[in-house]
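The values are calculated or read from the model by the stated rules, or taken from the named source; none is laboratory data. Please read these numbers as outputs of a predicted model, since none were measured by experiment. Here Cβ is always computed from backbone atoms with ideal geometry, including for glycine, and neighbour counts include all displayed protein chains. Ligands, DNA and RNA are excluded from the accessible area calculation, which covers all protein heavy atoms including side chains. Shrake-Rupley method; radii C 1.70, N 1.55, O 1.52, S 1.80 Å.
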Amino acid sequence: METYSNRKIKMTLIYVVLILFAIVNAYPILWMILNSFKTTKEYAVDKLGLPHSLHFQNYIDAWHTANFGEYFWNSIVVSVVAVIITVLFGALAAYFIARFDFKMSKTIYNFFIFGLLVPIHATLVPMFILMSKLGILNTRLSLIFPYVAFNLPITIFLLVSFMRSFPKDIEESAIMDGAGILRIFWAIILPMTRPAIATVVILSFINNWNEFVFALVLINNPKLQTLPLGLQNFAGDHVTNYVAQFAGLTMALVPILIVYLLLEKELVKGMTAGAVKG
Amino acid sequence: MVFKMKKSWSLLLLGVVLVFALSACGSNDSNGASKDGKVTLTLWNAWSGDTSDTRLYNERVKKFNDSHPDITIKTETTDSDNYRTKLKTRAAGKQLPDIFQVWPGSELEPIVKGGAMAPIDSLTDDLKGKLINENTLKDFAVDGKQYAIPTSVSYTNLVFYDKDMIKKVGYDQFPTTYSDFKTLIKKLKAEGITPIELGNKPQWPLQSIYVSMIADRITGSDYLPKVLAGKAKFTDPGFVKALNVVKELNDMQAFNKDVNTINDDQAMDNFVQGKSAIFISGSWSTTGLLDKKSKDKHIGTARMPAFEGGKGDPTKVSGVGAVGLGINSNLSGAKKKAALEFLKYFYSKDLYEDLLKAGLLIPAKVDLPKDTDPLFKEAYQATEGGTAPVYDGVLPAELTQTLNNGLQGILTGSMTPEKLAKEMQSQVNQ
Amino acid sequence: MKIDTKAKWGIVLGLGPALLIYIGFAIVPIIISFYYSFMKWDGFSPMQYVGLDNFKELFKDQLFWHSLKNNVYVILASVIGQLSLALLFALLLNRKLKGAKFFRTIGFMPVVLSSVVVSLTWSLIYNSEDGLLNELLRAVGLQSWTQNWLGNEHLAMISVCVTIIWQFIGLYMIIFLAALQNIPREILEAAEIDGATEWSKTWKIILPMMKDTITAALVLAISGSLKTFDQIYVMTSGGPNHATDVSALYMYNKTFQSLQFGYGSAISVFIFIFGLVLILVLNKLIGKSAV
């Protein structure tokens with residue numbers, strides 16, 4: 001029997017653990033933001049203290065150096081389009097793999113695991129040659145296709161594992177009602193999969209938003225380049241303007257935070273009791 | 001419900017259409033000379049980071065474009081680490097730009113041997129010995145042919161020291177012999193001051209800065225080419241002794257404790273903060289030191305001390321030409337002419353004068369302006385005695401990596417100088 | 001679901017787009033990379049077919065085996081440290097708790113952080129001269145525990161692993177959180193009525209129902225660990241003296257520094273096969289325990 005004081009001790013313990021967890025996690029972000037307001041000299045002599053004044057100039061410098069004006073939108077377009085395609089195609093594929101018993105189902109599922117195992121740098125030269133042969137080098141497609149291709153495995157992987165755990169008879173009543181395959185997917189399976197969809201949207205958005213090496217070699221036109229390339233401009237041959245880089249990284253974090261915060265509630269939105277006719 | 005079905009398919013369709021629509025707005029940029037005789041050339045460089053020299057390079061390109069209406073140079077900048085990855089990937093796909101930045105020695109050689117670059121001897125014959133130092137020019141030559149011209153020289157070994165700190169232990173000027181240098185280190189240690197600041201996390205500093213210079217002092221400048229030609233060995237006593245100097249300094253605890261976990265930049269910050277008395281780095285650090293030091297900090301610049309019985313010339317400083325621009329071997333006709341014209345314009349006396357004013361050490365015969373900062377003036381004077389080879393500028397990449405890692409091992413104690421020399425020699429033999 | 005002709009077409013249409021892009025832009029480059037592994041190539045000069053020479057050399061290459069061993073450490077750290085902590089925090093944060101949303105968000109932050117910042121801040125924590133960790137140890141009187149965390153060859157890998165664990169707890173946390181939503185409340189409520197303790201509820205109901213997701217997370221952790229690159233590249237560059245070298249970094253250096261494209265490809269082929277074997281073994285183990 002749980003007594004009141006026992007419960008109190010337990011809750012205190014939980015909060016102590018959570019607060020420690022929060023401190024360790026918040027520290028690097030706070031550090032980055034605080035240092036983004038320091039001058040170069042201040043940062044050189046004091047890396048841990050508070051800034052003497054808020055040196056907003058870093059943000060203006062960062063905006064220009066990283067070419068935010070253009071690169072930001074390029075990143076948004078490429079990331080968002082790739083995420084939409086990944087999730088749409090991925091969810092559809094996951095649905096058929098998870099909910100239908102056909103001969104190739106397991107094989108195809110395992111086939112997607114391959115994509116998880118390849119170090120990205122190994123595909124750099126082949127990818128470049130492939131894009132060049134297809135004639136889509138220096139176009140947004142040359143980033144969107146690889147982003148979709150390399151995010152599909154984890155998307156399908158997570159969605160299949162999620163969809164498989166639905167009770168088997170979910171679709172049966174719908175079929176009795178005469179619903180088509182695609183309608184079952186759209187009206188029943190997809191809504192139930194929302195927490196997992198939110199997860200894969202967040203993950204693939206982060207991957208696309210931060211992706212660097214493909215963007216480095218596949219896009220040459222400054223009008224189409226993405227933000228991670230711009231964020232490298234702070235590094236010179238031997239000197240790096242760290243404070244401006246922190247300002248740039250802080251700004252680059254905003255879209256990811258927005259995506260996360262928008263989807264966060266989906267992550268914990270449990271199924272309403274009625275959704276499952278167990 | 002039928003509506004919903006349609007919606008799903010149309011969403012799919014929309015996605016596909018969207019992709020193709022978006023891709024349409026990024027077509028390939030046109031190549032080569034157009035009908036009206038105008039030429040567009042692409043130039044890849046690693047002029048990232050807003051520093052005085054990169055600003056000058058970009059200005060120079062802009063001036064060229066303004067004064068040459070029939071030629072347009074389009075630049076593309078990537079930071080030097082990633083630039084190399086990009087260049088190598090593009091080279092593997094046989095798609096190099098018209099003009100591109102290259103690094104000397106072992107980095108240049110495979111590009112030339114693969115037939116990707118055209119020689120520019122017609123240009124350099126005029127400059128050789130007149131404007132530009134012949135010796136530095138050689139850094140960008142392969143098999144007797146010239147492939148690029150350096151804008152500046154990276155001297156990889158300059159000793160920066162805190163004048164007040166060494167005065168405190170009885171030194172009015174920096175020691176000129178190694179044994180005296182060791183005495184200084186001991187005295188600094190006795191005062192509780194960290195003698196030398198070094199940031200060797202990126203692995204090249206100990207090799208490029210220290211070993212290049214120390215080994216040259218001991219073995220002389222003709223040793224390294226001899227080893228690669230098979231006429232001398234890394235296991236010869238001279239080179240082993242040079243490695244042992246590193247070990248000795250480490251055993252004396254001359255370096256900061258976090259030597260293997262900070263980089264050159266952070267080491268400079270620590271030195272500026274007064275955490276240590278000496279910072280040995282390259283000419284690239286002069287501008288940073290001037291930016292970061294406080295007014296009442298007096299930093300002197302000296303050469304690496306001489307080694308007793310060493311065969312090297314103690315007035316030499318290890319250095320290598322930098323920021324060479326080469327041209328693609330597939331250029332011909334109007335494009336090639338335009339590219340050569342650009343290079344000729346770029347590497348002019350004006351540029352070298354501006355660079356020197358901005359605090360860069362250059363391979364050209366240009367006078368030092370009067371209002372130069374004393375720190376830079378001392379650095380300039382330190383490098384007047386000629387250049388010694390830089391190890392990673394000469395060694396094949398594989399050997400450089402072995403040396404880099406081995407030196408970290410010497411610091412942590414998992415490697416001995418003798419063993420490292422043996423490993424390097426066995427790689428030469430292969 | 002049962003398959004009829006209509007469903008067959010559905011399967012083809014449903015799997016088609018994903019498979020097409022995946023094969024075209026992931027599998028094809030992988031196959032080309034496999035092809036390079038039989039070549040000697042510096043990227044500039046013409047390729048030369050050398051058969052299995054690259055693989056023969058690979059088997060003798062001690063530095064490679066050393067880097068692979070470090071990958072195994074990363075795998076162990078991820079599977080043991082990361083997944084268990086992520087599961088713990090997911091379970092804690094799935095309940096009605098004041099500030100749960102705040103902790104969930106903060107918990108996810110490291111995942112989105114640039115590896116440059118991760119490297120710089122953790123270097124400040126681990127620094128042997130005035131790092132936060134050593135200062136903390138000194139403050140609580142554990143002077144003798146202070147270490148050169150990243151500079152000591154025996155400790156560097158452990159230190160790097162801690163950072164890697166830390167950075168991706170949030171990733172698995174949200175994967176587990178999503179999976180927890182899949183467990184019907186009625187079942188848990190019924191168990192509570194039967195007087196099940198929290199402990200037995202977690203072990204007997206929640207975890208078994210998350211089995212698919214946990215397996216997926218295991219596969220992700222293993223494959224992710226084999227590809228570890230960014231964190232180590234910025235934190236230690238594989239040093240000191242290869243102490244923290246991992247195979248993806250080793251492959252990168254061989255390919256782009258030493259210009260051995262063929263050898264680099266051979267390394268990635270090996271990583272690939274090694275990963276497949278690990279996952280196969282894992283599937284066998286989990287398959288058995290489920291029976």
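Taking the average, over residues, of other Cβ atoms within 10 Å as the packing measure, peptides C:73-84, C:188-199 rank C:73-84, C:188-199 from highest down. Along the positive direction of the dipole of the protein assembly as shown (beta-carbon charges: Lys, Arg +1; Asp, Glu -1; about the Cα centre), which of A:Q225, C:V12, C:T244 reaches farthest? After comparing all options, I get C:V12.
Under the convention that each Lys and Arg Cβ holds +1 and each Asp and Glu Cβ holds -1, the size of the dipole of the range A:88-190 around its Cα centre is about 360 debye. Toward the positive end of the charge dipole of the range A:58-275, with +1 on the Cβ of Lys and Arg and -1 on the Cβ of Asp and Glu, the farthest Cα among A:G115, A:F72, A:I202 is that of A:G115. Report note on the peptides B:147-155, A:159-167: ranked by the mean count of other C-beta atoms within 10 Å, highest first, their order is B:147-155, A:159-167.
Considering the protein assembly as shown at the alpha-carbon level, its Rg and Dmax are found to be 30.2, 97 Å.
Eigenvalues of the Cα gyration tensor times 5, then square-rooted: what semi-axes does that give for chain A, in whole angstrom, largest first?
Working: eigenvalues 315, 191, 45 Å².
Semi-axis lengths for chain A are 40, 31, 15 Å.
For the range C:96-201, what log10 I(q)/I(0) values come out of the Debye formula at q = 0.12, 0.15, 0.19 1/Å, with one point per alpha carbon and no solvent? Once normalised to I(0) and log-transformed, intensities are -0.64, -0.81, -1.00. Computed with a 1.4 Å probe over protein heavy atoms only, the accessible area of B:K292 comes to about 30 Å². At a Förster radius of 22 Å, what calculated FRET efficiency corresponds to the Cβ-Cβ distance of B:E248 and B:T176, to the nearest 0.05? Using R0 = 22 Å, I get an efficiency of 0.75. Shielding value for A:181-187 is 6, the average number of Cβ atoms from other chains within 10 Å of each residue's Cβ.
Taking the Kirkwood radius as Rh and the Cα radius of gyration as Rg, chain B has a ratio of Rg/Rh equal to 1.05.
Answer rounded, prolate or oblate for the range B:182-232, using the Cα gyration tensor with square roots of eigenvalues a ≥ b ≥ c: rounded when a/c is under 1.5, else prolate when a/b is larger than b/c, else oblate. Since a/c reaches 1.5 but b/c is at least a/b, the shape of the range B:182-232 is classed as oblate. Using R0 = 51 Å, the C-beta based FRET efficiency linking C:I158 and B:K168 works out to 0.80.
Residues of the range C:165-188 whose accessible area, computed with a 1.4 Å probe over protein heavy atoms, drops by at least 50 Å² once all protein chains are present relative to their chain alone are C:W166, C:I174, C:A178, C:Q181, C:N182. Seen against the Cα atoms of chain B and their longest principal axis, helix B:237-251 is set at about 80 degrees. The angle between the Cα long axis of helix A:4-35 and the longest principal axis of the Cα atoms of chain A comes to about 50 degrees, rounded to the nearest 10.
Among beta bridges from DSSP that stay inside the protein assembly as shown, the antiparallel ones total about 60%.
Any idea of the accessible area per residue across the range B:311-430, 1.4 Å probe, to the nearest Å²? All intermediate terms of the calculation are to be shown ahead of the outcome.
On the way: 5030 Å² over 120 residues.
Here the residues of the range B:311-430 average 42 Å² of exposed surface.
Accessible area per residue for the range A:58-275 is 32 Å², calculated with a 1.4 Å probe on protein heavy atoms, without ligands, DNA or RNA. The trypsin sites (Lys or Arg not before Pro) found in the range C:1-103 that occupy coil by DSSP, while having at most 13 further C-beta atoms within 10 Å, are C:K2, C:R95, C:K96, C:K98.
What does the average come to when, for each residue of peptide B:407-414, you count the partner chain Cβ atoms lying within 10 Å of its Cβ? Walk me through the intermediate numbers first.
Values: counts 3, 10, 6, 2, 5, 10, 3, 6.
Across the residues of B:407-414, the mean count of other-chain Cβ atoms within 10 Å is 6.
Among beta bridges identified by DSSP and lying wholly in chain B, the antiparallel ones come to about 55 percent. Pairs spanning more than 20 Å between alpha-carbon atoms, out of B:K167/B:K357; B:K349/B:K370; B:K128/B:K365; B:K138/B:K365; A:K168/C:K211: B:K167/B:K357. Of all lysines in the structure, the ones whose alpha carbon falls short of 18 Å from that of B:K419, not counting any fewer than 8 places away in one chain, are B:K233, B:K241, B:K247.
If only the Cβ of Lys and Arg carry +1 and only the Cβ of Asp and Glu carry -1, the dipole of chain B around its Cα centre is close to 940 debye. Surface composition of chain B: carbon and sulfur atoms hold 50% of the protein heavy-atom accessible area at a 1.4 Å probe.
When you work out D = kT/(6 pi eta Rh) for the range A:90-237 at 4 °C and 1.567 mPa s, using the Kirkwood radius from C-alpha pairs as Rh and the Stokes-Einstein form, the result is 74 µm²/s. In straight-distance terms, cross-link reach from C:K254 covers every one of the lysines whose alpha-carbon lies under 18 Å from its own, apart from those fewer than eight places away in the same chain; here that gives B:K86, B:K88, C:K40, C:K56, C:K60, C:K69, C:K227.
From Cα pairs below 8 angstrom and at least 6 apart in sequence, can you work out the relative contact order of the range C:1-157, rounded to a whole percent? Please report the intermediate quantities before stating the final value.
On the way: 68 pairs, mean separation 12.2, N = 157.
The value is 8 percent.
Only helices enter this figure: runs of n ≥ 4 DSSP H residues, each worth -39500 (n - 2.57), summed and divided by the residues of chain C, yield -20500 deg cm²/dmol at 222 nm to the nearest 500.
Relative to the longest principal axis of the Cα atoms of chain B, the long axis of helix B:80-92 lies at roughly 50 degrees.
Along the axis of the charge dipole computed for the range A:1-115 (Cβ charges of +1 for Lys and Arg, -1 for Asp and Glu, origin at the Cα centre), the listed residues A:T39, A:I29, A:T12 are led at the positive end by A:T12.
Relative to the Cα centre, what is the charge dipole magnitude of the protein assembly as shown, using +1 at the beta carbon of each Lys and Arg, -1 at the beta carbon of each Asp and Glu, and rounding to the nearest 20 debye?
Values: 94 positive and 82 negative charges, 522 e Å.
I would put it at about 2500 debye.
Express the relative contact order of chain C as a whole percentage, based on alpha carbon pairs under 8 Å and six or more residues apart in sequence.
Values: 289 pairs, mean separation 83.7, N = 291.
About 29 percent, as a whole number.
Chains A and B together bury roughly 4200 Å² of accessible area, counting both sides, with a 1.4 Å probe on protein heavy atoms only.
Sorted largest first, the spans of the alpha carbon positions of the range C:9-118 along the three principal axes are 65, 50, 25 Å. What the Kirkwood sum gives for chain C is a hydrodynamic radius of 22.3 Å, with every pair of different alpha carbons counted.
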